[in-house]
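**Student:** Before we start, here is the structure in question, set down as structure tokens.
The values are calculated or read from the model by the stated rules, or taken from the named source; none is laboratory data. Since the model is a prediction, treat every value here as computed from it, not as a measurement. Glycine gets a Cβ as well: all are built from the backbone with ideal geometry, and neighbour counts include every protein chain shown. Just so you know, the surface numbers come from the protein's heavy atoms only, side chains and all, with ligands and any DNA or RNA stripped out. Shrake-Rupley method; radii C 1.70, N 1.55, O 1.52, S 1.80 Å.
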Amino acid sequence: MNMMSESAVEKALDQKMSDASHKMIGKDVSVYYGEKRALFDVNLNVRENTVTALIGPSGCGKSTFLRCLNRMNDTIENCRVTGKITLDADDIYDQNIDVVELRARVGMVFQKPNPFPKTIYENISYGPRIHGLSKNKADMDQIVEASLQRAGLWGEVKDRLHESGTGLSGGQQQRLCIARAIAVSPEVILMDEPCSALDPIATAKVEELIHELRANYTIVIVTHSMQQAARVSQRTAMFHLGQLVEENDTDKMFTNPDDQRTQDYIMGRFG
Ligand SMILES: Nc1ncnc2c1ncn2[C@@H]1O[C@H](COP(=O)(O)OP(=O)(O)O)[C@@H](O)[C@H]1O
Ligand SMILES: [Mg+2]
């Protein structure tokens, strides 16, 4: 009995199973800022109903890759993306793709909570309104409540929906931004270091929320905290100098990674 071929067969089966649940597929993704190349032929697939963490030292290209997934790099002058990225069957860089619609399907939460300087209610209702998701006020009330419920914020704000979103604590503001992303029924939620401006208690709440959201959404989170990656994700991708070094089950990544550079990074030898 040939052990190698048996494990190769198993690997192929695993691969086949995981291929079936890939929500987004990135193939040979490269990014240039002017002359400077920031990503080198990244091949990374995002599994459905999974939290995928992007880790690696500062400047390695985590945010750059994340922004490729909803074409946020389009907004950066001089930035050029090559390769192919699909969302289900759609090539998101196809010229027929409506970018506004894409960003509703692939929502984003940023490092610093950035609620609009409007009421809590309006923060949530804005997206559904511009996307025509509600027919009347009762409809909209329901979307607002459900979004805040899902973001674990309803109990804290239900009596102050018409007060300003910027009056909330930092942690509440970030959950408001998550509720705002949820309100347009996204399929994927991208988060770029969503807890870096939060205290430990607010961070724990957002982490718990990310854990719950996985049931209904596909999540990609950039984090500089390996503890956070280990706590919230099932898959982890390690970047270094613009390259994807390794992508693996989070458990394996933090106990027995395949690549020496991952090992060095998680042991704190660089970054
Ligand atoms: N808007 C930009 N213009 C020019 N260079 C950029 C821009 N954004 C990022 N970069 C460069 O691209 C590389 C990757 O950056 P980034 O994706 O922000 O890394 P990370 O999120 O891992 O810290 C870095 O060298 C950074 O300086
Ligand atoms: Mg970044």
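**Student:** How much of the accessible area of the chain, probe 1.4 Å, is carbon plus sulfur, in whole percent?
**Tutor:** Working: 6700 of 13690 Å².
The computed percentage sits at 49.
**Student:** Using the structure shown, list the pairs from Lys112/Lys205; Lys62/Lys84; Lys36/Lys62; Lys23/Lys158 with a Cα-Cα distance above 22 Å, or answer none.
**Tutor:** Among Lys112/Lys205; Lys62/Lys84; Lys36/Lys62; Lys23/Lys158, the Cα-Cα distance tops 22 Å for Lys23/Lys158.
**Student:** Here's a follow-up. Kindly report the accessible area of segment 23-266 per residue (heavy atoms of protein chains, probe 1.4 Å, no ligands, DNA or RNA), in Å². If you can, show how the numbers build up before the last one.
**Tutor:** Working: 11150 Å² over 244 residues.
Here the per-residue accessible area is 46 Å².
**Student:** Now for a separate question. Divide, for the chain, the radius of gyration over alpha carbons by 2.2 N^0.38 Å, where N is the residue count. Write out the running numbers ahead of the final one.
**Tutor:** Values: Rg = 19.4 Å, N = 271, 2.2 N^0.38 = 18.5 Å.
Normalised Cα radius of gyration, the chain: 1.05.
**Student:** Take peptides 141-154, 79-92 and line them up by average Cβ neighbours within 10 Å, highest first, as a rough protection proxy. Show your work: numbers first, answer last.
**Tutor:** Numbers: 141-154: 19.2, 79-92: 15.4.
Going by the mean number of other Cβ atoms within 10 Å, highest first, we get 141-154, 79-92.
**Student:** Could you work out how far helix 200-213 tilts from the main Cα principal axis of the chain, as a 0 to 90 degree angle to the nearest 10?
**Tutor:** The two axes meet at around 80 degrees.
**Student:** Rank-order 196-205, 115-124 by packing density, defined as the average count of other C-beta atoms within 10 Å over each peptide's residues, highest first.
**Tutor:** 115-124, 196-205
**Student:** In deg cm²/dmol and to the nearest 500, what is the mean residue ellipticity at 222 nm of the chain if only DSSP H runs of at least 4 residues count, each as -39500 (n - 2.57), divided by the residue total?
**Tutor:** About -11500 deg cm²/dmol.
**Student:** Any chance you could give the angle, 0 to 90 degrees and rounded to 10, that helix 170-182 forms with the longest Cα principal axis of the chain?
**Tutor:** 80 degrees
**Student:** So who's got an amide H within less than 5 Å of the one on Ser30, skipping anything under 5 residues away but keeping other chains? H placed 1.01 Å off N, in plane.
**Tutor:** Asp41, Val42, Thr82, Gly83
**Student:** Another one. Looking at segment 50-114 from every direction and averaging, what is the projected area of its Cα convex hull in nm²?
**Tutor:** Convex hull of Cα atoms, orientation-averaged projection: 5.7 nm².
**Student:** Let me ask you something else. Quick one: which of 65-71, 226-232 comes out on top by average Cβ neighbours within 10 Å, and what's the full order, highest first?
**Tutor:** 65-71, 226-232
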